[in-house]
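Okay, so here's the structure we're looking at.
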Ligand SMILES: Cc1cc2nc3c(=O)[nH]c(=O)nc-3n(C[C@H](O)[C@H](O)[C@H](O)COP(=O)(O)OP(=O)(O)OC[C@H]3O[C@@H](n4cnc5c(N)ncnc54)[C@H](O)[C@@H]3O)c2cc1C
């Protein structure tokens, strides 16, 4: 929720806690691993404490495209297509559709996941009820893919991703605030290549924050090779 520097040379963090977790903590260093626009909201008040305008301007330069996802389940009798996923590169509303149930060995019913284009999602960014948008996408997919029953699932869920995919990103592995206390930002918006950049950026931020602390030796075990 909020970060402030203390006179003891630590960060004081106020947390939004719904259970018994602490609502406040102090930290010697902070890695902010959230989308840049959300990081900007969190860190902008620190301009008053001397956080560099260049750093805040760089955060401000990052932009994201939104996306709407629809998950839809169908009757066991529906004849599933032979394809597993389709990318619709020139469609105005639908960007991608995948037969999600094909990933599960014990799938009981056909389940599809639909991803909207950014343009479609922007039209519903602040809509209270996303169900009409989901129904529109399902109907569109049914017509586009010539599978009429796609329009009438037994159930569906819809989810809005306000910061889905970085559209304007930084060509660097992490963003150091250059503050008096260690503060580093990271995420897929550093590199812009989705999960690969998110992983790379997180690892680079960890090395940077360690170098600003006590330069402890890092584990020799390689994180990626343990996956
Ligand atoms: C629909 C969809 C499908 C995708 N499919 C693929 C794919 O197939 N392959 C691929 O490589 N990538 C895919 N991606 C992209 C991938 O999910 C992201 O690149 C990746 O998750 C980014 O990781 P991150 O750690 O930078 O940020 P995130 O995964 O966004 O994590 C940031 C977290 O911080 C939390 N947060 C935000 N603000 C605060 C705050 N103030 N306090 C505490 N927590 C906060 C958020 O809730 C979130 O959980 C997809 C993305 C979407 C939306």
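Kindly evaluate residue 15 against the criterion of being within 12 Å of the ligand (Cβ to nearest atom) and touching a residue at least 60 places away in the same chain (Cβ under 8 Å).
Numbers: within 12 Å of the ligand (Cβ to nearest atom): yes; touching a residue at least 60 places away in the same chain (Cβ under 8 Å): no.
The answer is no for residue 15.
Could you list all residues from the range 164-207 that are assigned to a helix (DSSP H, G or I) and within 22 Å of residue 44 (Cα to Cα)?
Once the filter is applied, which keeps residues that are assigned to a helix (DSSP H, G or I) and within 22 Å of residue 44 (Cα to Cα), the range 164-207 yields 201, 202, 205.
Could you list, in sequence order, the residues of the range 30-50 that are over 24 Å from residue 204 (Cα atoms) and either more than 14 Å from the ligand (Cβ to nearest atom) or in contact with a helix residue (DSSP H, G or I) (Cβ under 6 Å, 6 or more places away or on another chain) (or both)?
Hits for the range 30-50 are 47, 48, 49, 50.
With (1) surrounded by 13 or more Cβ atoms within 10 Å (Cβ to Cβ); (2) part of a helix (DSSP H, G or I) as the list, and residue 113 as the residue in question, which single condition is left unmet?
Of everything listed in (1) surrounded by 13 or more Cβ atoms within 10 Å (Cβ to Cβ); (2) part of a helix (DSSP H, G or I), residue 113 misses just condition (2).
For (1) within 14 Å of the ligand (Cβ to nearest atom); (2) in contact with a strand residue (DSSP E or B) (Cβ under 7 Å, 6 or more places away or on another chain); (3) assigned by TED's automatic domain parsing to the domain that holds residue 119, each residue gets a yes or a no:
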residue	(1), (2), (3)
28	no, no, no
52	no, no, no
85	yes, yes, yes
88	no, yes, yes
96	yes, yes, yes
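Is it the case, given these coordinates, that residue 100 is crowded, with 16+ Cβ neighbours inside 10 Å, touching a residue at least 24 places away in the same chain (Cβ under 8 Å) and either closer than 13 Å to residue 145 by Cβ or outside the structural domain of residue 147 (by TED's automatic domain parsing) (or both)?
no
Starting from the range 150-169, take each residue that is closer than 10 Å to residue 64 by Cα and near the ligand (Cβ under 10 Å from one of its atoms) and list its partners that are at pLDDT 95 or above and assigned to a helix (DSSP H, G or I), counting only C-beta distances under 7 angstrom and pairs at least six apart or across chains.
Hits for this filter: 163/37; 163/38.
Based on this model, can you work out whether residue 108 counts as assigned by TED's automatic domain parsing to the domain that holds residue 155 and not in a loop (DSSP other than H, G, I, E, B)?
Criteria not met by residue 108.
Return yes when residue 134 is farther than 17 Å from residue 59 by Cα, touching a strand residue (DSSP E or B) at 6+ places or on another chain (Cβ under 6 Å), part of a helix (DSSP H, G or I) and within 16 Å of the ligand (Cβ to nearest atom) and no when it is not. Walk me through how you get there before you give the answer.
Values: farther than 17 Å from residue 59 by Cα: yes; touching a strand residue (DSSP E or B) at 6+ places or on another chain (Cβ under 6 Å): yes; part of a helix (DSSP H, G or I): yes; within 16 Å of the ligand (Cβ to nearest atom): yes.
So residue 134 fits the description; yes.
The values are calculated or read from the model by the stated rules, or taken from the named source; none is laboratory data. Predicted model only: the values in this text are computed from it and were never measured. Backbone-built Cβ (ideal geometry, glycine too); neighbour counts: all protein chains shown.
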